[in-house]
Amino acid sequence: MPKLQEVGERLAEEWVTARRPPSTGDVPQPHELRASDADRERIAQVLQDAHADGRLTLDELEERLGTLYAARTLGELAGLTVDLLPADQQPLNLDGRPVSAIFKKEQRGGRWVVPAELDVTAMFGTTKLDFRDAILQNRQMIINATLVFGGLEIHVPEGLEVVRVVKGETVRLTKQPTEPGAPVVEVRTTNFAGEVKVKEPPRRKRRR
């Protein structure tokens, strides 16, 4: 199974590379985006927790906090916690690479940067994209999904619309209404017995 998975991942990477248009180079990379105060506070909490349990000395904490509040970009923030938590527990995820699930389940969620276009592959596996706490780089995002007996599961917050484009036809996958000009995720699928699911937050009850 490991060798079969390795071959599948290599084929998926070659397929994605062949489909991807040339980069224009004018779109900022995730690590180049400006940091918000909320993101600084996320990092500060991790640093304070690390000091509380002895992973950082007081001097190290003060040094990193100084760097934190002087930082301008997400990349500068992410570097402050890289040695404190495993990759899947980092408060910022700046991984802009394609998401591939070959005979397994892969997910991207938490505080991550959603690029304008993202390639997703699921072959006998499932990919999960969670947009509920994500940073949207654009108001319109494209997911190029290759599904071969695999699934794509998308979790969305209120106000984010998801549509699927198959053979030129557009189908709205989110059920709840959105405001005009709301951000849209467009899923373009190359589909061989694959499935796309969207999970929305519960509907709010209207006040009488």
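The values are calculated or read from the model by the stated rules, or taken from the named source; none is laboratory data. Because the structure is a prediction, the values reported are computed rather than measured. Please note: Cβ atoms are built from the backbone with ideal geometry, for glycine as well, and neighbour counts cover all protein chains shown.
Residue selection: ARG97 fails the criterion of being charged (D, E, K, R), farther than 23 Å from VAL166 by Cβ and either surrounded by 19 or more Cβ atoms within 10 Å (Cβ to Cβ) or touching a Pro at 6+ places or on another chain (Cβ under 6 Å) (or both).
Condition first: surrounded by 13 or more Cβ atoms within 10 Å (Cβ to Cβ) and in a helix (DSSP H, G or I). Now tell me which residues in the range 49-61 satisfy that.
Matches in the range 49-61: ASP49, ALA50, HIS51, GLU60, LEU61.
Listed here are the residues, each with its yes/no results for (1) acidic (Asp, Glu); (2) crowded, with 17+ Cβ neighbours inside 10 Å; (3) over 19 Å from the mean Cα position of the chain (by Cα); (4) under 25 Å from PRO30 (Cβ atoms).
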| residue | (1), (2), (3), (4) |
| --- | --- |
| THR127 | no, yes, no, yes |
| ASP130 | yes, yes, no, yes |
| ALA145 | no, yes, no, yes |
| VAL148 | no, yes, yes, no |
| LEU160 | no, yes, no, yes |
| LYS175 | no, no, yes, no |
| ALA182 | no, no, no, yes |
| THR190 | no, no, yes, no |
| ALA193 | no, no, yes, no |
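Counting only residues that are assigned to a loop (DSSP other than H, G, I, E, B) and either touching a residue at least 40 places away in the same chain (Cβ under 8 Å) or not acidic (Asp, Glu) (or both), the range 62-88 holds 9 of them. All of (1) surrounded by fewer than 17 Cβ atoms within 10 Å (Cβ to Cβ); (2) part of a loop (DSSP other than H, G, I, E, B) hold for PRO91 with one exception: (1).
Of all residues being without any contact (Cβ under 8 Å) to a residue 60 or more places away in the chain and under 14 Å from the mean Cα position of the chain (by Cα) in the range 96-111, which is nearest to ASP37 (Cα to Cα)? Just the residue, please. Here the residue is GLY110. Here SER100 meets the list (1) part of a loop (DSSP other than H, G, I, E, B); (2) touching a strand residue (DSSP E or B) at 6+ places or on another chain (Cβ under 9 Å) almost entirely, failing just condition (1). Can you list residue pairs whose Cβ atoms sit under 8 Å apart, with the first residue in the range 181-202 being closer than 18 Å to PRO115 by Cα and the second being of a type in the set (Phe, Trp, Tyr) and at pLDDT 90 or above? Count only pairs 6 or more apart in sequence or on different chains. From residues that are closer than 18 Å to PRO115 by Cα, the pairs are VAL185/PHE131. Scoring ALA116 on the criteria (1) closer than 18 Å to VAL198 by Cα; (2) surrounded by fewer than 20 Cβ atoms within 10 Å (Cβ to Cβ); (3) not acidic (Asp, Glu) leaves a single failure, condition (1).
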